[in-house]
C-alpha cells in the first residue's frame, strides 16, 4: 500500500497517510523503507521526528524537516530560530513552490509529540495539498481516533487520506519471523511460546530472536525457557524506552502499577500515582495505546508483568520503598488479602502502623502452611524493621529464629545468642525461651557460652532455668574448659524448678541410680504442658527419662502434647527431635509401622541436612534400628556407611550411632568389627559417666558376639555386669533384657535363664524385647527336644506378629519356629476365598478375634479404640458372609491353619 502511495505521488496524486500502531509495531521501520523507495524513484524526501524533549521547542519538527531544503528566505530562517514573526508559517511557501518542480515525500515520525506551532504549520500544509505535489507520510502510536486526520486543524483534508493501523503479528507471521532470523523453521511449541511471550510485538520478537539465535540455540521446544528469558529482558528494555516518551504523570501511573499490580481499583491507583493523575485527560487511553496497560475489572494491569523490575529500575531505592509503603497502606484500607499486602511491605520502608506486624505474622503463618519457608522468614524479618519496644522485638526475633532453622540455621543461632545476651528488657523470661529453643536443636557451644556469660547477672526463676538448661546440655567434649563450669551453680538434689528437675532426672537415669526419684523429677519437669511459659528441651529430656523408667504410656501422652505445642510454635527443629523420640518409643513397643511414620514426619519437619551435627547421630541410629527390625538390611547398611558430620563426635548422641553401626555389622556377619564397635560404644558411654544399660545394652550385645567368637569368659562377665547394673536401676524391661542376655550366652540351664527373662518382660511395655525373649525361649525348648513347651510360645508369637507389622525380621523367625513345631495354629493357609477382600486392619482384627481374644484385649494390642475394633469386625463378618465371632472361630478351626497368610 505504501509503495502505491509513492507511485501515486510520482503521478502527481498527493495524499496524507497515517501509520498507527503500538510501540514496537514497526511504524518507524515502514516509514524509513518507504522513504528509501521514494528516493530510489527520484522523489525528494524530507524527514523529521518529533520527540518529547522538543515538544516545547517552537517549530522544532518543521526545522528538522526544512533543514536540508534550499531556497528558504531570511524571514523563514529567523522564524525557525525563534526571532521572526509569531504569525508567519516559516518555509511553507518555499516548500509548496519547490514541490511544483519536484514531487516531495514528507516523512514525520511520532506526530503525537509535535509542538503546537509545528502542528499548526502541518495543518496549514494539509489544507494546501490539493494544489501541491506533496504526500505527507506520518506515524503515530495510535493516540488518535480511527478515521481522523491527526494533522488536520479543521475539516477533512482536501486530498485522499489513508490510515494504516498495524496489528500484532499472527501465528503465521511469528513462524515466518522465527524461520527468517533463526535460519530454520521453529517447532510448533516454540512458535506458540514465542507468540505468547512477545504478545505479537514485532520489535520485541525480532530483537529477542536475534539474541536467541546469537547464543547458538535452535528454535525447538526444549529451548522455550531460554526464549522466554530473552523475551522478558527485551520486553523490559522495550517498556523502558516507551516510558521515555511519556509524561511524568503517566510514568508515575505505570510505576504504581508495577508496584501494586491489579490489587487497587483505578481511583486508588491514581491516588498512589500522585495528585496530577486524576486531572490529566486521557491518561488511561494513552497508556493503553502505548501497549503498557490493559483494563482489568475496575482497574488496570500491566501488559508485561515481567517488566516490573525494569519499570522500577529508574527510581532510587528510597523512592521505591516509599512507593511500596504507600501502596501497602492503600491496599490495607481496601481490604486486600494479607499475602498481597505483605508482598508490598517486604519492599517498603518502615510504616509504623499498628496493623503491620499482626498482618506480617499472619502472612508468615500462611506461608509456613504452604511450605514457603523463605517467604515466611522474609515476613518476620520485615516485621523486625518496624519501630518496636525491646520486649516485642525480642519476641519477634524468637519466632523468626524458630523458622530460620529451615533455611539459615547459623543465622538462627546468632539471633538466639543475641537475645540471650541482651534479654527483652523486662522479666528475662524470653531469654530463657531463646536459650531453650536454641539448645533443643543441639548443644551449641556458642549458646552455652552465652548462657554461662549472662548467668552472673540473673536471679530468681530466670537464674534457675538458665542453670538447668546449661546442665541439661553439658558438653561431651573433654577439653571444653573455657566455659568454667565451676562458676555455674550446681544442681540441687531435689530441685523445684522444672528445668532443673529435668536435668537432675536425666543425670540419675544416665548413672542408673534412683529410678523412683528420676521418675518423680521427670514428671515434675512435665507439669507445664504448653503455653508461652513451657520450655522445650526439659520436656524432651523428661520424656526420654520416662522411656528408661518403663513409663511408656505416660511418655507417649506427653510426647503428643509436646509435639502439638511445638507445631503451634513453628519450632520445627525441636519437633523433629520429639518425633524421633516417639519413633524410638514405638520401636520399643514393636509398632514398626508407626515408628516409620514418625521418622518420616521428623524428616518432613526438618530435612536431614538441616539437623544439628550433635543430633544427627540419634536420628540416624533410630532409622537404622527400624530398618533392621523391618528386615531392610540394604537401607540399614547405607545409613550406617553414610559419613556423619565431624562435629557429631562431640555431641551427646554419638554413642547411639556407634551402637547402631555395630548392629549392622552383626547382621552382616562382620563379628570382629561389631565387637570393636560395641566396645567403642562402651568406652564412649563410660567416659561420660553413662552407666545405665537402659540407654543401650551394649554389654549384652557385645557378649553375644564374644560368645560367637568363642570368648565364653568375656561373654559371661559382660552379661553379669549388665544384669547387676540393671537390677541397680530397677526398671523391669532393663532387667528382663539383661536376663535375656545372660540366657543367650549361658552354657548350662539356658532355658531356665530365658524363662526368667520371659517372665520379667511379659508385663513390661517393651513388647519388642518380650517378643525376642519368646523367640529365644522357643528355640531353646526346641533345641532341647521339648516341642510341647515350644508350641504355646510360638502361638503367642503368632498373635504378636498379627498385631504388628508383618514385614519385620521377627516374622521370619516365627515362620522358622512354626516350621519346626508343626503347630496347627501357625501353619497352612486360610481356605476362605473372601479373606483376600479384607483390608489389612480387618485381617489383623479378625485374626485376633479368631484366636479367642476379646474386643478390649484386641484394642489394647492394636492400640485402637474398642469402637474401632467393633467396626472392623462387623466389616470382616459382612465380607466373609458370617454372622459373628463364633462362626469366625469355627471357620478358622476348620482350616488346616492360618499362620503365614494371616501374618
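Coordinate-derived values only; no laboratory data. Treat the numbers as computed from the prediction; the structure is a model and nothing was measured. Cβ atoms come from the backbone with ideal geometry, glycine included; neighbour counts cover every protein chain shown.
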Quiz item: Where the eigenvalues come from the Cα gyration tensor of region 377-442, what are the semi-axes √(5λ) of the equivalent ellipsoid, largest first, in whole Å?
Solution: 17, 16, 8
Practice problem: Can you tell me how much longer the chain between residue 321 and residue 642 gets when fully stretched, taken as 0.36 nm per residue apart minus their C-alpha distance, in nm with one decimal? | Solution: 110.8 nm
Quiz item: Under the definition of Cα pairs under 8 Å and six or more residues apart, what whole-number percent is the relative contact order of region 337-473?
Solution: 16 percent
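If we count other beta carbons within 10 Å of each Cβ, what is the order of 206, 76, fewest first?
Ranked by crowding around the Cβ, least crowded first: 206, 76.
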Quiz item: How big is the equivalent ellipsoid of region 244-314 along its three axes, where each semi-axis is √(5λ) from the Cα gyration tensor, reported in whole Å from largest to smallest?
Solution: 15, 14, 12
Practice problem: Starting from the exponent 0.38 and prefactor 2.2 Å, build the expected Rg for region 494-604 from its residue count and divide its actual Cα Rg by it. | Solution: 1.02
Quiz item: If you stretched the chain out fully between residue 165 and residue 709, how much longer would it get, using 0.36 nm times the residue separation minus the C-alpha to C-alpha distance?
Solution: 186.3 nm
Quiz item: Which of these values of Rg and Dmax of the Cα atoms in Å was calculated from the structure shown: (1) 42.3, 134; (2) 34.7, 115; (3) 66.9, 235?
Solution: (1)
Quiz prompt | Histogram of C-alpha separations across region 2-165, 5 Å bin width, % | solution = 2, 9, 19, 23, 23, 15, 7, 2, 0
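Give the shape of region 710-760 as rounded, prolate or oblate, defined through the alpha-carbon gyration tensor: a ≥ b ≥ c are the square roots of its eigenvalues, a/c under 1.5 means rounded, and otherwise the shape is prolate if a/b is larger than b/c and oblate if not.
Here region 710-760 falls in the oblate category.
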Quiz item: What value, in deg cm²/dmol to 500, does the helix sum -39500 (n - 2.57) over DSSP H runs of n ≥ 4 give at 222 nm once divided by the residues of the chain?
Solution: -19000 deg cm²/dmol
Quiz item: Between the helical axis of 750-762 and the dominant principal axis of the chain, each derived from Cα atoms, what acute angle in degrees is found, rounded to the nearest 10?
Solution: 50 degrees
Quiz item: To the nearest 10 degrees, how steeply does helix 537-548 sit against the main Cα axis of the chain, on a 0 to 90 scale?
Solution: 30 degrees
Quiz prompt | Inter-site label distance for residue 355 and residue 860 at 7 Å from Cα along Cβ, in nm | solution = 5.9 nm
Exercise. Could you give log10 I(q)/I(0) at q = 0.20 Å⁻¹ for region 171-242, computed by the Debye formula over C-alpha point scatterers of equal weight, without solvent?
Key: -0.69
Exercise. Counting only C-alpha contacts under 8 Å and six or more residues apart, can you give the relative contact order of the chain as a whole percent?
Key: 6 percent
Practice problem: Neighbouring Cβ atoms within 10 Å as the yardstick, rank 882, 419 fewest first. | Solution: 882, 419
Practice problem: Any chance you could give the angle, 0 to 90 degrees and rounded to 10, that helix 671-687 forms with the longest Cα principal axis of the chain? | Solution: 90 degrees
Practice problem: Could you tell me the convex hull volume per residue, in Å³, taken over the Cα atoms of region 631-787? | Solution: 124 Å³
Practice problem: Using Cα pairs closer than 8 Å and at least 6 residues apart in sequence, work out the relative contact order for region 171-242, in percent. | Solution: 34 percent
Quiz prompt | Rg [Å, one decimal], Dmax [Å, integer] - region 1-73, C-alpha atoms | solution = 14.0, 39
Quiz item: What order do you get for 464, 818, 15 when you list them from fewest to most C-beta neighbours inside 10 Å?
Solution: 15, 464, 818
